[in-house]
Amino acid sequence: MATVTLDNITKRFGRDEVIKGVSLDVADGEFIVIVGPSGCGKSTLLRMVAGLETITSGDLRIGGVRANDREPMDRDIAMVFQNYALYPHMSVAQNMGYGLKIAGLPRAEIAAKVADAARLLQLTELLDRKPRQLSGGQRQRVAMGRAIVRAPSVFLFDEPLSNLDAKLRVQMRLEIRELQAKLGITALYVTHDQVEAMTMADRMIVMNAGRAEQIGTPLDVYERPATLFAAQFIGSPSMNVVNAEGRDGALHLGEAALPNSTGHAGPVKLGLRPEHLRPDPEGPITMQVQLAEPLGANTLLHGRLATGDSFTASLPGVHTAGQGSGALRLSVAAEHMHLFDAHSGARLG
Amino acid sequence: MEKRVTFKGWLLPLCLIAPQVFISAVFFFYPAGQAIWQSLFIPDPFGLSSRFVGLGNFEYLLGDSYYRASFITTAIFSTLVTLAAMIPALFLAVMADRLVKSAGAYRTLLIWPYAVAPAVAGVLWLFMFNTRVGVVAWYLGQLGYDWNHVLNQNEAMGLVVVASAWGRISYNFLFFLAALQAVPRSIIEAAAIDGARFWRRFFTIVLPLLSPTTFFLLVVNIVYAFFETFGVIHTITSGGPQQATTILVYKVFSDGFVGQDLGSSAAQSVILLLVVGLLTVLQFKYIEKRVHY
Ligand SMILES: Nc1ncnc2c1ncn2[C@@H]1O[C@H](COP(=O)(O)OP(=O)(O)OP(=O)(O)O)[C@@H](O)[C@H]1O
Ligand SMILES: [Mg+2]
């Protein structure tokens, strides 16, 4: 158990600056999810914490001690890889006990710890198998087991669930979270799946092109996205963003006028989450519905505004209004309107 | 359903395998048959006629202390050549694998010795170690070591082993390097995080994962040491001193072409054929079982 501190960490591969100064304070026992699109530098950031990549500049402290120049084995961490990286020539038990064996523990103690971890992960029956004789989900558990037997200070996960089917992913996501909470071990978890980020994180760090766009609790990020990027990345279906203009104390998008809570004048980007739109015969927003996707619990309506911007609304229940090519009027509560600077994308108000 | 091309009739399939059958027949079955046939005869001293002796040649060979000595020489020689060709190759490959830059240049440089024919390599090493004009022999002399592989049996063995193994290092290096680069990075990284330092990782993770390659190279190098080193031995020591470097293949040659005892020579090649066949079967049957996946 330990705190992890990243202080203005950067990473350069040759001339490419891949991580452009990320700072983060992870509390003891906290579960941090690093989320972002492919290629934004999530794995690179995690691998720098693991010691698998050198840190170009900035300080990394694990448990308060500077760890930049420590070898991976001296950082007291454990990592679960996307492809699990199990040792193919060793049995499940040997895979899990490898780290302990290297640490020089007596055989009996290794066997006991491996058995404990196996029980925790329901792997007891499989201890004598080779990795190639396991299913994807079982391999994932073995990789988890290998990480927990050593009782490290920090867990690092690099997209550990992305090779599993959707159902197993949901189940493992809960199990990982439970296990981490039970063991109280600080965790950094990389994913590109915003649902995983929302459901697992104590706090998440939304990354884009080597920068941390926002660091906060999932609800924070959902309710008050700090940037246009964070706003569109978190939430499903993703937030509608339309061009609007602040003028005469109101917010105009085409013909429509909405209340302007920030009082900002000039061109802005207005973000509206599909699930915050309400059908309202008097509503200021008029949408031409082109396609309806009934999902059972709710219905997604895709279409366009009069301004030409494409627009999506998510309405509860099976919704028939506007089916075909009808017009649908919508309204939105003032606290659900997100305004962003038209150029920088930074949140306004 | 199995997808498989099937031929109707037998003419086309026959034509397709004919070239291979023809080559095998001309270069393997015919000479092998000749050898087996000849091994049953003893020619007279002038080579004008020969007398059928059944298994007499074999009987004689098994009782011949020189022949048994040659067996032991061959075992020592091929073990040493295989080790000397594989261990440095593995070491170089491990070092080259650690390089990020200029690994390609090293690979290119290290492959050159393979382009040198064994007999030429033999001459090369012979010149370096020549007792009168060789650079290395002279240098050893300066250091107070009197190098003379013409008289000293161990030195002769050492020299032919080095000259034989030298070119093979390149070949083995390429295979080892390719195999090393095929080991998934994340497995190595996982081992590093598990606490294993470089050499520990090498012996517990990398080497086991290389075992299919190692096994393949083991077979190939032993067969090389048995057969293809003839040129090296012929140029450097001609089997001497006192038969110290007369391996089985060289004895086939020297008894048959120098000693003109074709019957014994043929019998020796038949035995060699059996030995190599047996070795290969043994290797595949027993060693392969211990090779991981
Ligand atoms: N060894 C390397 N040399 C050069 N560039 C690299 C190297 N590793 C990663 N990069 C670059 O760094 C950037 C970030 O890569 P990284 O693997 O961290 O992305 P990621 O966020 O994990 O993406 P994904 O979700 O696809 O795994 C990419 O543009 C990638 O091309
Ligand atoms: Mg990645």
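Data overview
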| quantity | calculated |
| --- | --- |
| Where B:LEU272 falls short, out of the listed (1) within 17 Å of the chain's Cα centre (by Cα); (2) modelled with pLDDT under 85; (3) assigned to a helix (DSSP H, G or I) | (2) |
| Filter pass, B:ALA179 being more than 25 Å from the chain's Cα centre (by Cα) and part of a helix (DSSP H, G or I) | no |
| Residue check for B:VAL162: in contact (Cβ under 8 Å) with a residue 24 or more places away in the chain and in contact with a helix residue (DSSP H, G or I) (Cβ under 8 Å, 6 or more places away or on another chain) | yes |
| Within region A:275-298, considering residues that are crowded, with 20+ Cβ neighbours inside 10 Å and of a type in the set (Val, Ile, Thr), the one farthest from A:ASN260 (Cα to Cα) | A:VAL289 |
| Residue tally, condition hydrophobic (A, V, I, L, M, F, W, C) and outside any helix (DSSP H, G or I), over region B:5-36 | 3 |
| Among residues of region A:148-163, those that are crowded, with 18+ Cβ neighbours inside 10 Å, within 16 Å of ligand 2 (Cβ to nearest atom) and in a loop (DSSP other than H, G, I, E, B), counted | 3 |
| Region B:212-250, residues that are part of a loop (DSSP other than H, G, I, E, B), touching a residue at least 60 places away in the same chain (Cβ under 8 Å) and surrounded by fewer than 19 Cβ atoms within 10 Å (Cβ to Cβ) | B:GLY240, B:PRO241, B:GLN242, B:GLN243 |
| Index of the failed condition, A:THR56 passing every other in (1) within 16 Å of ligand 1 (Cβ to nearest atom); (2) under 27 Å from A:GLN194 (Cα atoms) | (2) |
| 2 or more residues more than 14 Å from chain B (Cβ to nearest Cβ) and within 16 Å of ligand 2 (Cβ to nearest atom): qualifying strands (runs of 3 or more DSSP E) within region A:1-93 | A:16-26, A:31-35 |
| Residue match in region B:97-108 (condition: buried (at least 19 other Cβ atoms within 10 Å of the Cβ) and assigned to a helix (DSSP H, G or I)) | no |
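The values are calculated or read from the model by the stated rules, or taken from the named source; none is laboratory data. What you are looking at is a predicted structure, and each value in this text was computed from that prediction instead of being measured. When we count neighbours, we look across all protein chains shown, and the Cβ atoms used for this are built from the backbone with ideal geometry, even at glycine.
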